[in-house]
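Asks: Please find one structure pasted underneath; my questions will follow.
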Amino acid sequence: MNHGYTYQSTLASSEAIHWRIEDIVGGDKRLDFSKPFMPETLARVQPLTFLNSEEKLTLNQIRGNAYLCIFGLVEEFILPFVVDHARARLQDDDYRTRALLQFAGEEAKHIQLFKRFREEFEAGFGTQCSVIGPPEAIAKAILAHDPLGVALTTLHIEWMVQRHYIDSIKDDQQLDPQFKSLLKHHWMEEVQHAKLDTLMVEQLAAGRSEEEIMRGVEEYIEIGGFIDGGLKQQVEFDLDSFERATARLLTDSEKEEFRKQQLQANRWTYLGTGMTHEKVLATLQGLTPKARQRIESISALFC
Ligand SMILES: [Fe+2]
Ligand SMILES: [Fe+2]
């Protein structure tokens with residue numbers, strides 16, 4: 001494929017960017033709970049017209065916390081996957097080994113960063129918010145799939161981060177600057193990951209027949225279904241957190257509306273934005289046009 005990504009250039013970009021957790025969280029760098037954390041295109045709290053503006057802000061921040069936690073979760077499967085992928089061919093190419101280990105190191109840092117932010121959130125928000133997990137169980141379930149399916153899921157996640165930041169976060173002046181800084185720093189390193197994922201997908205697909213490639217694509221869809229089940233559970237957690245944080249009990253019809261809107265908001269955030277990303281579709285197309293068509297035939301459900 002003519003994307004032009006190489007291990008050497010990706011490593012060079014990554015080394016030029018490198019930041020430390022201490023530089024972006026702690027000390028006077030605090031969350032401002034008077035501001036939203038998530039852009040409305042992902043949070044979709046405005047359609048819930050039975051909530052007042054303060055309640056919408058609370059729900060937006062609950063979604064922000066869940067966003068960090070869900071990223072923490074998925075990065076716990078990405079880390080061992082990348083390490084294993086690197087380890088299988090350590091002698092092949094020094095740039096490959098270094099770029100993949102750098103990727104793994106950054107992901108370990110992101111996991112820790114998200115934990116630090118979660119501590120800050122819990123200290124400032126005042127209500128304990130549940131999130132899906134535990135991370136080890138989710139990682140185990142995902143890693144049990146065909147490596148090509150796992151690599152496609154990883155590709156999806158990292159391009160999704162690019163899209164969230166560029167399309168929705170970068171120019172949103174309403175967001176809390178501290179939360180935005182976290183998303184920006186994450187985005188800066190994730191772009192290298194997305195390129196390395198492309199190379200991983202290509203390497204895992206090399207030598208496979210079309211039928212074998214499509215088996216990997218079906219496993220990517222299966223992992224998506226597994227994540228979708230997690231999102232349904234997360235919406236229930238968010239509803240519970242919302243009621244406790246605002247001390248407002250929603251009526252049955254309001255709960256129904258909350259579930260419907262928020263499930264679709266979560267689907268768009270974590271599934272639709274990745275499945276419809278042009279770079280993901282181009283990589284699928286490069287494997288076989290059938291792979292792209294298969295994903296395009298179902299992606300509308302998650303938008
Ligand atoms: Fe990350
Ligand atoms: Fe990443």
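No value in this document is a laboratory result; all are computed from the given coordinates. Every value quoted in this text rests on a predicted model; they were computed, and no experiment measured them. Ideal geometry is used to build each Cβ from the backbone, glycine not excepted, and the neighbour counts take in all protein chains shown.
Asks: So if I place +1 on the C-beta of Lys and Arg and -1 on the C-beta of Asp and Glu, and nothing else carries charge, what would the dipole magnitude of region 2-88 be about its Cα centre? I want it in debye, nearest 20. Walk me through the numbers on the way to the answer.
Replies: Details: 8 positive and 11 negative charges, 34 e Å.
With only Lys, Arg, Asp and Glu charged at Cβ, the dipole is about 160 debye.
Asks: Using a Gaussian network model on the chain with a 10 Å cutoff between Cα atoms, which of GLY133, GLY27, GLY124 fluctuates the most?
Replies: GLY27
Asks: I would also like to ask the following. Could you state the principal axis extents of the C-alpha atoms in the chain, from the largest down, to the nearest angstrom?
Replies: That works out to 58, 44, 34 Å along the principal axes.
Asks: Classify region 168-303 as rounded, prolate or oblate, taking a ≥ b ≥ c as the square roots of the eigenvalues of its Cα gyration tensor: rounded when a/c is under 1.5, otherwise prolate if a/b is larger than b/c and oblate if not.
Replies: Values: a/c = 2.86, a/b = 1.60, b/c = 1.79.
Verdict is oblate for region 168-303.
Asks: Apply the membrane-span-like helix rule to the chain: whole DSSP H runs, Cα extent along the own long axis of at least 18 Å, mean Kyte-Doolittle hydropathy at least 0.5. List the helices found.
Replies: Working: long enough: 53-87 (51 Å, 0.29); 94-125 (46 Å, -0.71); 147-163 (24 Å, 0.53); 177-205 (41 Å, -0.42); 210-246 (53 Å, -0.46); 252-267 (22 Å, -2.32).
In the chain, the long hydrophobic H runs are 147-163.
Asks: Now for a separate question. Suppose only helical runs count, i.e. DSSP H with n ≥ 4. What mean residue ellipticity at 222 nm does that imply for the chain under -39500 (n - 2.57) per run, divided by all residues and rounded to the nearest 500 deg cm²/dmol? Before the final figure, lay out each step's value.
Replies: Details: 12 runs with 212 residues, N = 303.
Result for the chain, helices only: -23500 deg cm²/dmol.
Asks: Let me ask you something else. Just ALA108, ALA206, ALA282 to compare: in a GNM of the chain, with alpha carbon springs under 10 Å, which one fluctuates most?
Replies: ALA206
Asks: By how many nm would the segment from GLU54 to GLN112 grow when fully extended, if each residue of separation counts as 0.36 nm and the alpha-carbon distance is taken off?
Replies: Details: separation 58, 0.36 × 58 = 20.88 nm, distance 3.04 nm.
Length gained between GLU54 and GLN112: 17.8 nm.
Asks: Testing the spin-label approximation: label points 7 Å from Cα along Cα→Cβ at GLN8 and ALA144. State their distance in nm.
Replies: 4.3
Asks: May I ask for the Rg/Rh ratio of region 1-59, computed from Cα atoms with Rh as the Kirkwood radius, given to two decimals? Please list the in-between numbers first.
Replies: Numbers: Rg = 19.5 Å, Rh = 15.8 Å.
So for region 1-59, dividing Rg by the Kirkwood Rh gives 1.24.
Asks: How much length, in nm to one decimal, is gained on full extension between ASP228 and GLU212, taken as 0.36 nm per residue of separation minus their Cα-Cα distance? Numbers along the way, then the final one.
Replies: Numbers: separation 16, 0.36 × 16 = 5.76 nm, distance 2.45 nm.
Length gained, ASP228 through GLU212: 3.3 nm.
Asks: Related question: How far apart, in nm, are the 7 Å Cα→Cβ label points at LYS290 and ASP93?
Replies: Output for this residue pair reads 2.7 nm.
Asks: Now a separate question. What Kirkwood hydrodynamic radius, in Å, does region 1-155 give when the mean of 1/r is taken over all pairs of distinct Cα atoms and then inverted? Mind showing how you got there, number by number?
Replies: Working: mean 1/r = 0.0556 Å⁻¹.
One over the average 1/r among Cα pairs gives 18.0 Å for region 1-155.
Asks: I would also like to ask the following. Between the alpha-carbon centers of region 166-226 and region 71-148, tell me the distance in whole angstrom.
Replies: For region 166-226 versus region 71-148, the Cα centre distance is 13 Å.
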